[in-house]
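Any read-out appearing in this document is the output of simple, stated calculations on the displayed coordinates, not a laboratory observation. Nothing here was measured: the structure is a model prediction, and the numbers come from that model. Counting neighbours? That spans all protein chains shown, and the Cβs are built from the backbone with ideal geometry, glycine included.
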Amino acid sequence: MELHVSKKAAETLKNELQNSPGNCVRFFVRLGGCSTVQSGFSLGVAKDEPKHPGPQMKDSGTGLTFYIEQEDEWFFDSHSLYVEYDEKEETIIYEYEK
């Protein structure tokens, strides 16, 4: 699995979570909600420091590191996560691709 965050999505998450360069943003599993990869679970986002990071990427424009903890990798069922910004809806979207 891989993690990809677009530049616009990275900027949006930086602003929404009041992040500074050097901060880390975690994508994690939440109980409830819905997703296209796991029934009864959804994806959460938080400013957090990695403990046992799995997939990660650093965005050079914002200086943020985005990551998924190893304990949450099961959720993705071998799908890669693409975090994008939808200009029309003005929101972050999450796409899963095998």
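If only the Cβ of Lys and Arg carry +1 and only the Cβ of Asp and Glu carry -1, the dipole of the chain around its Cα centre is close to 220 debye.
Given the chain, what whole percent of its Cα pairs are spread farther than 18 Å? Percent of Cα pairs beyond 18 Å in the chain: 42. Residues whose amide H lies under 5 Å from that of VAL37, counting only those 5 or more places away or on a different chain, are absent; hydrogens are built 1.01 Å from N in the peptide plane. Helical content alone sets the calculated 222 nm signal of the chain at -3000 deg cm²/dmol, taking -39,500 (n - 2.57) per DSSP H segment of four or more residues and averaging over every residue. Please list, in chain and number order, the residues 5+ apart from VAL5 or on another chain whose amide H is under 5 Å from its amide H, with Hs placed from the backbone. Counting only residues 5 or more places away or on other chains, the set is VAL83.
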